[in-house]
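The values are calculated or read from the model by the stated rules, or taken from the named source; none is laboratory data. In this text the structure is predicted, and so the values were computed from the model without any measurement. Here Cβ is always computed from backbone atoms with ideal geometry, including for glycine, and neighbour counts include all displayed protein chains. These area figures cover heavy atoms from the full protein model, side chains too; ligands, DNA and RNA do not enter into them. Shrake-Rupley method; radii C 1.70, N 1.55, O 1.52, S 1.80 Å.
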Amino acid sequence: MIQISAYLTFAGNCREAMSFYRECLGGRLSFRTIGDTTDAEVLPARLRNAVLQATLVSGDLVLTGSDMVGEEGLICGNTVSLLLQCNSETETRDCYRKLAAGGATSFPLRPTVAGGLFGGVTDKYGHHWLLSCDNIYQKIQ
């Protein structure tokens, strides 16, 4: 089965952001830096600590990130949101509260027609999260 995962790009603060997400969502977090690659010695020393790839795995959640941003720089926009499908209202409220710390709530958690909760936050790194706990995607399958 094809699977889609979120891949976030940062401008030098990937380690900080991904550690924040681990605090919010739990799971195992691993990092691979430029310094870990075989070509590290030919790159400037200032790049060696940059995160080539960070991976957070928590249950079925896989969130990947990197400091490898193109020459155009980091451009935050509103065309992509990360949908976090939680297992309970308690988990939804907890994740919402943690992700909103230092960020902004864009849509307060509210009851849905299906009896769950739905809301949105933009975290302190500028990424937009939608949180839900009504298992709508399981009903579609």
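In segment 65-93, which residues are more than 25 Å from residue 50 (Cα to Cα), open to solvent by less than 50 Å² (accessible area, probe 1.4 Å) and not hydrophobic (A, V, I, L, M, F, W, C)?
88, 92
Results for (1) touching a residue at least 40 places away in the same chain (Cβ under 8 Å); (2) not acidic (Asp, Glu), shown as yes or no for each residue.
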{"residue": "45", "(1), (2)": "no, yes"}
{"residue": "79", "(1), (2)": "no, yes"}
{"residue": "123", "(1), (2)": "yes, no"}
{"residue": "126", "(1), (2)": "yes, yes"}
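Name the single residue, out of those in segment 29-62 being among the hydroxyl-bearing types (Ser, Thr, Tyr) and crowded, with 16+ Cβ neighbours inside 10 Å, that is nearest to residue 13 (Cα to Cα).
Step one: list which residues in segment 29-62 are among the hydroxyl-bearing types (Ser, Thr, Tyr), which gives 30, 33, 37-38, 55, 58.
Now narrow it down to the ones that are crowded, with 16+ Cβ neighbours inside 10 Å: 33, 55.
Details: 33: 12, 55: 14 Å.
Here the answer is 33.
Scan segment 102-113 for residues that are touching a Lys or Arg at 6+ places or on another chain (Cβ under 9 Å), assigned to a loop (DSSP other than H, G, I, E, B) and either closer than 18 Å to residue 61 by Cβ or open to solvent by less than 50 Å² (accessible area, probe 1.4 Å) (or both) and jot them down.
Scanning segment 102-113 gives a single hit, 103.
One line per residue, one yes/no per condition, for (1) without any contact (Cβ under 8 Å) to a residue 60 or more places away in the chain; (2) in contact with a strand residue (DSSP E or B) (Cβ under 8 Å, 6 or more places away or on another chain); (3) more than 24 Å from residue 134 (Cβ to Cβ); (4) not aromatic (Phe, Trp, Tyr):
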site	(1), (2), (3), (4)
6	no, yes, no, yes
12	yes, no, yes, yes
16	yes, no, yes, yes
26	yes, yes, no, yes
37	yes, yes, yes, yes
51	yes, yes, yes, yes
67	yes, yes, yes, yes
86	yes, yes, no, yes
91	yes, no, no, yes
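Residue by residue through segment 74-84, note down the ones that are assigned to a strand (DSSP E or B) and either within 18 Å of residue 15 (Cα to Cα) or out of contact with any Leu (no Cβ under 8 Å at 6 or more places or on another chain) (or both).
Selection gives nothing.
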